[in-house]
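Structure record follows, encoded as structure tokens.
Values quoted throughout were computed directly from the atomic coordinates according to the rules given, and no laboratory measurement underlies them. What you see is a predicted model, and the numbers here were worked out from it, not measured in a lab.
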Amino acid sequence: MIQQQDQTINTIAGTLSTIAQQAGLMGSDINEHNECEYILYVPIRRLICRRMLEDLDRGVDRTDSKLSDAMRRMRKFVREIEGKFRCRLSVT
């Protein structure tokens, strides 16, 4: 029974060693891929980032414009309400 347990432990140890080696190889491949991707695609990434920032800038400008319009309409509405309220107060 002890021999069988030892054999099972040795099998498990061998399997774990193989998994560790494969993980190491995968890590190396991933690092190598990332380095190549970084070297090859940095200009593309910069272009994409620049376009995203330009889109964001346009979106912010549109939102700012809409907010300014809304604030202008709100000020006009408040002035109208204040005017009507003053008229009612002065009538009574």
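So here's what we get for this one:
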| item | result |
| --- | --- |
| Linear extension gain, I19 paired with F85, 0.36 nm per residue minus alpha-carbon span | 15.8 nm |
| Extension gain (nm, one decimal) between L56 and T8, 0.36 nm per residue minus Cα-Cα | 11.3 nm |
